[in-house]
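Novice: Before anything else, here's the structure in question.
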Amino acid sequence: MDATDGLVRGGDGALRCAWHGNLPDYLRYHDEEWGWPVADDTRLFEKLCLEGFQSGLSWLTILRKRDNFRAAFRGFDFRALAAEDEAAAMERHLADAGIVRHRGKIASVYNNARRAVELAGEHGSLARFFWAFEPDMAERPAVMDWASLRAMGKTPASTRISKDLKQRGWTFVGPTTVYAFMQAMGMVNDHVEGCVCRPRIEHARATFRRP
């Protein structure tokens, strides 16, 4: 990696954001998921929950446990989770070594599932709610280089979303967590200039039909 540009060359010869370190599973996530626009409510709920679990940990840890999280939390079907007996589920989850056994974060999934049902009922879908916060170009760096990316821990848009969600009773949705969610769901394109995926995602975002 050139520390000045945040890029690394892969085995295929293409330049990419360096943060995946050319690890095969992390590389697939970088190429096939991170930054691609998402409008599916279940996937959006999953992404926000997993970003909450990631707090204080590495994303790679969460990614490598993602299938276990999906099995534990009903594929992140928030309507099914909202109807589940949380107390009984808690004991099961705390005994599950395949996930992050943090009582507060586990409880947050169930709390947020109930809040998600309310939010989808009010706005028609989670996607419609979240995409309404998409930042305009004035809030974005003119060039998404390595220095800009490192400075993007939270933004005015992530702060607005976080404040709205917290007022609705959501938990583990601070502005930094929400910004990581925005990056993952494709609300912003934070692949750095020179990354082979950046123009692909720019095209996907240009053709994506907002909810």
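Novice: What shape does segment 118-211 have by the C-alpha gyration tensor, where a ≥ b ≥ c are the square roots of the eigenvalues, rounded means a/c under 1.5, and otherwise prolate means a/b greater than b/c and oblate the rest?
Specialist: oblate
Novice: Given charges of +1 on the Cβ of Lys and Arg and -1 on the Cβ of Asp and Glu, with all other atoms neutral, how large is the dipole of the chain about its Cα centre, in debye to the nearest 20?
Specialist: 360 debye
Novice: Quick one, can you get me the convex hull of the C-alpha atoms of segment 1-125 expressed as volume per residue in Å³?
Specialist: 121 Å³
Novice: In addition: Tell me the relative contact order for the chain as a rounded percent, counting alpha carbon contacts under 8 Å between residues six or more apart.
Specialist: Relative contact order comes out at 31 percent.
Novice: Quote the convex hull volume per residue of the chain, based on C-alpha atoms, as a whole number of Å³.
Specialist: Working: hull volume 24.3 nm³, N = 211.
Once divided by residue count, the hull of the chain is 115 Å³.
Novice: Percent of Cα-Cα pairs more than 12 Å apart in segment 120-169, please.
Specialist: The calculated P(r) of segment 120-169 puts 71 percent of pairs beyond 12 Å.
Novice: Can you tell me the Rg and the Dmax, both Å, for the Cα atoms in segment 1-50?
Specialist: That works out to 13.3, 38 Å for Rg and Dmax.
Novice: Any number yet on Rg/Rh for segment 163-211, C-alpha, Kirkwood?
Specialist: Here the Rg-to-Rh quotient is 1.10.
Novice: To the nearest 20 debye, what is the magnitude of the charge dipole of segment 1-100 about its Cα centre, counting +1 on the Cβ of each Lys and Arg and -1 on the Cβ of each Asp and Glu?
Specialist: That gives segment 1-100 a dipole magnitude of about 180 debye.
Novice: Among P135, L57, G10, pick out the residue whose Cα is farthest towards the positive end of the charge dipole of the chain, where Lys and Arg carry +1 and Asp and Glu carry -1 on C-beta, about the Cα centre.
Specialist: Sorting the options by dipole projection puts first L57.
Every read-out reported here was derived from the displayed coordinates using simple, explicitly stated rules and does not represent laboratory data. Note that the structure is a prediction, hence the values are computed from the model and not measured. Note: ideal-geometry Cβ built from the backbone for every residue, glycine included; neighbour counts use all protein chains shown.
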